[in-house]
Structure formats: C-alpha cells, structure tokens
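To start, the structure itself, in structure tokens.
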Amino acid sequence: MNPICAAVFSVSLLFVAPAFAEIPGNAIKVGVLTDMSGPFSDQVGKGSVAAAELAAEDFAKESRGLTVQILSADHQNKPDVGLNIARHWIDEDGVVAIVDLPNSGIALAVANLMREKHRTTLASSSLTSDLTGKACAPTTVQWVTDTFVQGNSTVQALAQRDLKSWYFLVVDYALGQALERDASAALSASGGTVLGAVRSPLGTIDFSSPLISAQSSGASVLALASTGADMINAIKQAGEFGVTPQMTVAPLFIQLSDVQALGLAIAKGLQFVEAFYWDLNDKTRAWSQRFAAKMDGRMPTEDHAGTYSATLAYLRAVRDANTVDGEKVVKQMEAAPIDDELFGKVGIRHDGRAVHDVYLFEVKSPAESKAPYDDYKLVATIPGEKAFRSLDAGGCPFDAWQ
C-alpha cells in the first residue's frame, strides 16, 4: 500500500453553518503520521488513528459547521519516508496539522517542515525534549511527556532508594540519545554516576553482549534508554541472563502496551513515569471504554490519549482563531489553560510544552491484578510544574522566531 494514501476518515455536521473565512472550504485536515508496522506500532499505530477519530467525532458536536478529515500513514521509521508523506500531505492534500509522530528523529524533521509551511505539529508521541528546546518552533506543541521528565523523574525516584550508579543501554537515534543525555544530567545533579553505556541500532533483537557488559560494570541500575520492542527484548533478556537479581531495571519510557507484551510475571515491580493511565479516574475510564470499543477491547496507551487530547485542543483552537495558520493556532492554544478530559489542567507554554501532572506507577504482580489491563498501581503524583523542565532551562531560541 502506498503509505501516503493509507486512510481517510471524515466527520462533519449535517447543517448549514456560518463560513470560516480563513479556513479553506470550512475543512480541517489532520494527518496521523505513525508507526503501523515497526517497534512502536503497539504504542501508537491503529490506536492513534482511532484516538484522532474520536477527537474528530467529539469536535463535530461543537464544530459550528467545520468539517474534519483524519488522514493516516505509516512512516516506517524512516525519516525520508516520513518527510515525503508530510510534504505530500501539505502540498497536495491540504493537511494543516500532523499529529502522533513516534520516532523522535522523524518528529524533528517534520516539525521543521511544518514551521516552513506555517502548519502545526502536534507531537503527542515524540519524546525528545529538543522539540521544546533547541529545536522548538512557534508551530509545535509537544503533548504528554518528554525525555527530561522521563529521565529526571526516574532518577529522583531511584535516588530515594539510594540507587545512584547507572549503566545505560541506549537505542542509537534521537530518542535514546536524548533519554541518555537528560537522565545522565539528572543523575549527576543528584550525586550519582554513570559507569558505562552501550548503544544499539533501532530494532536490535540480541542484547546478550550489552547485558554482559552491564553486569560486569558493578552498576546498581540498568537504565534502558529505549522503548517499544527494543525495550521489551532487553527486559526479557535481562531476566534470562540473570541481570535482574543484582541490578534494578529502569525503563526510561515504558507504556501499557509494553507491560502487556512483557506480562505481569516479568514486569511486576517495575517503576516508571507516565502521564496517563486508563484506570486513573472516572473520566479516563469512560473515554478508554470508548477507545476499546473501536480497538477490539484494547485499552489505550498514554500516546493514544495524547493524540486524542492534542487533536481535540487543536481543532478547537482552529475554530476559535478562525485560521489554520500554524503560528496563530498555537498562540490560540497558549491563550488559556485547557481543562482536558484525560490529562486534567493543561497549560501550553510559549516553547510549545504542554504542562500537566505526571505519575509514578508500579506494575502490579499477577496476584494483585484483578482483571485484564489492571496492570498499574499509583505510587505518586508529580505536579506538572515540578515534572517538566523550566521554560528558561530548555534553550528555546525565541529570538530566532522573529
């Protein structure tokens, strides 16, 4: 299948409404650029498309006559493929926003293109903190979490258990590099040390050699600067090689789909930070049941929730600003706090960072779990202003926007 023509989903209201002068054809086209077939496909993929469709359906109830189309495509974790799809969408199909964007390398490239085209990037599944740092743009909003939050919060949680010597297994592209960088900085600030690191390409299956090196390092923490299939394989093999009895495994970016793939018998006791869990409160449970109805019973990951919330907030901002100009829409999103169904109170900062609470979770044991997807127990709530990097610490070159 041609990835550019993968799918189109449309929602509109069946009545005549006032025209929006600055929105061509009263239509908003949003592209979900995702991983349908690679190591992140369970975290995002079809679920991200379903989440964006739910946002379009909900917006239809308040759209004032605007039509929404959701397009989707598989970037195959190849930056050139992702960039070509994005360019085609903008130039040929009239797409005005791109959401999801797992794979930080692709997200950075697409965000730069969207800035040039004055369209909006909704980085709901992109983790690199560079998106709101040195690579920030007035057309980018980064939802959910980032490498600073994941690294810093994990370091702080483990430091309370006096686990301060780390060894990194790093997926060698933008995500892993940023996770290692941000976690190492937090570790140094807390008085900890890095005893070594091994980098492996995305899609690595055999981690035997890196795990042997980690085991011989004497470090107390095995930090996994990866996610998806790479991280799942590393955790499974750490158990097989006998690493886990002597080292604490610290997954720096794990989601519900990863825990499901591991199984509670292997994942039990893992602690990590996420911004969303389907069973967190009544609102998250209600929305997650709607999502599950579209996804054959599967519960959403935090990336799925982020794609829904970012898309809905964007659509409302387009409506209220009466424009699809990226800079103007993002300014509209920044204008007032958002009372979000899934993430609570959300504020969009000038660097594009969506700030909201995040949570420290622990995976339940099989005995503690009472139903399918009953996988997490809440350890602590981390207020957004403490979890996220401060505005002035990120190095966003605001002056270059002029």
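So the values come out like this:
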{"read-out": "For the chain, projected area of the alpha-carbon convex hull averaged over all directions, nm²", "value": "18.7"}
{"read-out": "Helix-only [θ]222 nm of the chain, DSSP H runs n ≥ 4, -39500 (n - 2.57) each, per residue, nearest 500", "value": "-11500 deg cm²/dmol"}
{"read-out": "Sparse-neighbourhood loop sites, trypsin sites (Lys or Arg not before Pro) in the range 137-183 - DSSP loop, at most 11 other Cβ within 10 angstrom", "value": "ARG161"}
{"read-out": "Point-to-point label distance, ASP374-ALA265, nm (Cα→Cβ direction, 7 Å offset)", "value": "2.0"}
{"read-out": "Exposure proxy order (Cβ contacts within 10 Å, fewest to most) of TYR277, TYR308", "value": "TYR277, TYR308"}
{"read-out": "Bridge type composition, the chain - antiparallel percent by DSSP, nearest 5", "value": "35"}
{"read-out": "Overall Cα dimensions of the range 137-232 - principal axes, largest extent first, Å", "value": "46, 32, 17"}
{"read-out": "For the range 317-402, the fraction of alpha-carbon pairs in successive 5 Å shells from zero, as %", "value": "3, 12, 15, 17, 15, 12, 9, 7, 6, 3, 1, 0"}
{"read-out": "Residues of type aspartates and glutamates that LYS268 reaches as a straight line, Cα spacing below 18 Å, ignoring anything fewer than 8 places off in the same chain", "value": "GLU240, ASP258, ASP279, GLU362, GLU368, ASP374, ASP375"}
{"read-out": "Full-stretch length increase - ASP339, ASP206 - with 0.36 nm per residue and alpha-carbon distance subtracted", "value": "43.4 nm"}
{"read-out": "Most mobile listed residue (SER200, SER126, SER209) in the chain, GNM with C-alpha springs under 10 Å", "value": "SER209"}
{"read-out": "For ASP206, net neighbour charge (Lys/Arg +1, Asp/Glu -1) across residues whose Cβ lies under 14 Å away", "value": "-1"}
{"read-out": "Cβ-based net charge around ARG181, under 15 Å, with every Lys or Arg adding one and every Asp or Glu removing one", "value": "-2"}
{"read-out": "Sorted by Cβ neighbour density within 10 Å, fewest at the top, the residues GLU368, GLU57", "value": "GLU368, GLU57"}
{"read-out": "Cβ charges +1 (Lys, Arg) and -1 (Asp, Glu), total dipole of the chain, debye", "value": "260"}
{"read-out": "Dipole of the chain [Lys/Arg +1, Asp/Glu -1 at C-beta], most positive-end residue of GLY306, VAL170, SER153", "value": "SER153"}
{"read-out": "Radius of gyration and maximum dimension Dmax of the range 212-351, Cα, Å", "value": "19.4, 60"}
{"read-out": "Potential extension, LYS134-ARG290 segment - 0.36 nm per residue separation minus Cα distance", "value": "52.4 nm"}
{"read-out": "Most mobile of ALA367, ALA73, ALA234 in a GNM of the chain (Cα contacts under 10 Å)", "value": "ALA367"}
{"read-out": "Hz values of 3J(HN,Hα) by residue in the range 310-327 - Karplus curve (6.51, -1.76, 1.60), Gly and Pro given as x", "value": "5, 5, 5, 4, 5, 4, 5, 5, 4, 4, 6, 8, 6, 6, 10, 4, x, 4"}
{"read-out": "For THR140, residues with placed amide H under 5 Å, excluding near neighbours", "value": "THR121"}
{"read-out": "Alpha-carbon centroid distance for the pair the range 290-321 / the range 68-134, whole angstrom", "value": "17"}
{"read-out": "Value in Å of the Kirkwood radius, where the range 189-246 supplies the Cα pairs that are averaged", "value": "12.0"}
{"read-out": "Size of electric dipole in the range 337-384: Cβ of Lys, Arg +1 and of Asp, Glu -1, about Cα centre, debye, nearest 20", "value": "100"}
{"read-out": "Amide H contacts of ALA27 (H built 1.01 Å from N, under 5 Å, at least 5 apart or other chain)", "value": "THR67"}
{"read-out": "Under-5 Å amide H pairs with VAL358, H placed in peptide plane, nonlocal only", "value": "ILE382, GLY384"}
{"read-out": "Estimated distance in nm for a label pair at ARG199 and PHE398, the labels positioned 7 Å out from Cα along Cα-to-Cβ", "value": "3.3"}
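All of the numbers you see were taken from the coordinates with simple rules; none came from a lab. These numbers were taken from a predicted model, which means no experiment stands behind them. Every residue, glycine as well, gets a Cβ built from its backbone with ideal geometry; the counts of neighbours run over all protein chains shown.
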